[in-house]
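Below is one structure, written out as structure tokens; the observations come after it.
Each value in this text was obtained by applying a stated rule to the coordinates, not by laboratory testing. On a predicted model such as this, the values are computed, not experimentally measured, just so you know. Cβ atoms come from the backbone with ideal geometry, glycine included; neighbour counts cover every protein chain shown.
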Amino acid sequence: MRFARTLAFIAACAAPALASAQDYPNKPIRVIVPLAAGSITDVTLRAAASELQSRLGQPLVIDNRPGASGIVGTDACAKAPADGYTVCAVYLSSMSLNPHTVAKLPYDPDKDLVPVARLFYVIEGLFVPASLPVGSVGELRTYAAQNPKNVNFGTLGEASLQDLMVAWLNHEWKTTIAGIPYKGGGPISTAVAAGEIQLGQMGIGNFAGPMQAGKVKLLAVSADRRSPLLPNVPTHKEAGLGGFSARVWWGLAAPAGTPPAAVQRLQAEFTRLMREPKFVQQLENNYLEAAPLGPQEFGAFLKADRQQAEALVKLAAKPKQ
């Protein structure tokens, strides 16, 4: 009798949790994006949110929290309620670079967040204004050396990947290129197109409009091979930038303690979408590469990526010879 009562008690306690898992989600889900609205990542996540609304039965509301190499948005996510109704877009800087470059990072990527899914890689390009008198990376190097106070590079803030690239270029080229912080790829592409800055290294999709309008020039792409959409543009390695190598990825994370059922549901829907031919083609048209991984695999990827990021930080910080 006592055993039967114990089983009944356990079943009664488990019932609300099971019902909650079955009912999830029953209200809108907030997706924190640590970039300004209009960047190619923001646009892509909004497209994904639109596609998934009918499948989840609830809207996914994009909440842009740009600033400080992703710290502002990622910290807001880490401190949000762990109820399955807040997730955040995470990327190379917020999860891999920041732990090595920010002395007092307000969040711990391992303890404060749980991986949900890796989504895609970004194919980046090195852009200059159409008016800049250079047509190759070699000519850019010469120009930067001859105009030491007139070459500015758009970054996503101190210790961002772009900021590290500025440091690396200055070490390698013996130049004084200055990093100018912006809050996303959209603002950087606008600034390059207007000639406010002379360099931008961001996802190529951010520059689609200025490229079509002839307002920017693409000098190199950060990919293992040339893009079939841009067959005449050399890779970083071909252009002489092979010493600075990093692949920019984006994924989803949630506050630590988020119910596993919520993580699994979100992971399943997002990774399913990232494998659908129509959406994959949409990604490729925006110079993105679908690369979905589930929570376990994404967690292992994050550990390896953080180790690679540490090596990259040391490379960029090496003293001039």
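Give the long-range amide H neighbours of residue 220: residues separated by 5 or more places, or on another chain, with amide H under 5 Å away, using H modelled in the peptide plane at 1.01 Å from N.
Result for residue 220 returns 126.
Among 211, 96, 243, flag the residue with its Cα farthest along the positive direction of the charge dipole of the chain, charges on Cβ as +1 for Lys/Arg and -1 for Asp/Glu.
The listed residue farthest towards the positive side: 96.
Scan (1) 18.8, 54; (2) 20.4, 68; (3) 21.7, 90 for the value of Rg and Dmax of the Cα atoms in Å calculated from this model and give just the label.
Correct label is (3).
Normalised by the number of residues in the chain, what is the relative contact order in percent for Cα pairs under 8 Å and 6+ residues apart?
Working: 605 pairs, mean separation 83.6, N = 321.
So the answer I get is 26 percent.
Where the only charges are on Cβ atoms (+1 Lys, Arg; -1 Asp, Glu), what is the dipole of the stretch 203-293 about its Cα centre, to the nearest 20 debye?
Once rounded to the nearest 20, the dipole reads 100 debye.
What is the dipole size for the chain, taken about its Cα centre, with +1 at each Lys and Arg Cβ and -1 at each Asp and Glu Cβ, in debye to the nearest 20? Don't jump to the answer; show the numbers that get you there.
On the way: 30 positive and 24 negative charges, 47 e Å.
In total the dipole reaches around 220 debye.
Going toward the positive end of the dipole of the chain, with +1 on Lys and Arg Cβ and -1 on Asp and Glu Cβ, which of 48, 67, 114 do you reach last?
So the residue furthest toward the plus end is 114.
Please list 200-208, 115-123, 301-309 highest first by mean number of surrounding beta-carbon atoms within 10 Å per residue.
My ranking of the peptides, most packed first, is 200-208, 115-123, 301-309.
Cβ neighbours within 10 Å, averaged per peptide: list 222-231, 75-84 in order, most packed at the top. Intermediate values should be presented prior to the final figure.
Numbers: 222-231: 14.0, 75-84: 18.8.
Packing order, densest peptide first, comes out as 75-84, 222-231.
Rounded to the nearest 500 deg cm²/dmol, what is the calculated helix-only ellipticity per residue at 222 nm for the chain, with -39500 (n - 2.57) per DSSP H run of length n ≥ 4? If you can, show how the numbers build up before the last one.
Numbers: 12 runs with 138 residues, N = 321.
Calculated at 222 nm, the ellipticity per residue is -13000 deg cm²/dmol.
Once amide H atoms are built 1.01 Å from N in the peptide plane, which residues 5 or more positions from residue 32, or in another chain, come under 5 Å H to H?
63, 87, 88, 89
Explain nothing, just the number: dipole magnitude of the stretch 136-205 about its Cα centre with +1 on each Lys and Arg Cβ and -1 on each Asp and Glu Cβ, in debye rounded to the nearest 20. Walk me through the intermediate numbers first.
Numbers: 4 positive and 5 negative charges, 17 e Å.
The dipole magnitude comes to about 80 debye.
So what's the stretch 124-239 giving for Rg/Rh, alpha carbon basis, Kirkwood Rh from the mean inverse pair distance?
Working: Rg = 12.9 Å, Rh = 13.9 Å.
Ratio of gyration radius to Kirkwood radius for the stretch 124-239: 0.92.
For the ranges 129-138, 33-42, what's the packing order if you count other beta-carbon atoms within 10 Å of each residue, average per peptide, and put the highest first? Could you put the intermediate results ahead of the total?
Details: 129-138: 14.8, 33-42: 23.3.
Per-residue Cβ counts within 10 Å, averaged per peptide and sorted highest first, yield 33-42, 129-138.
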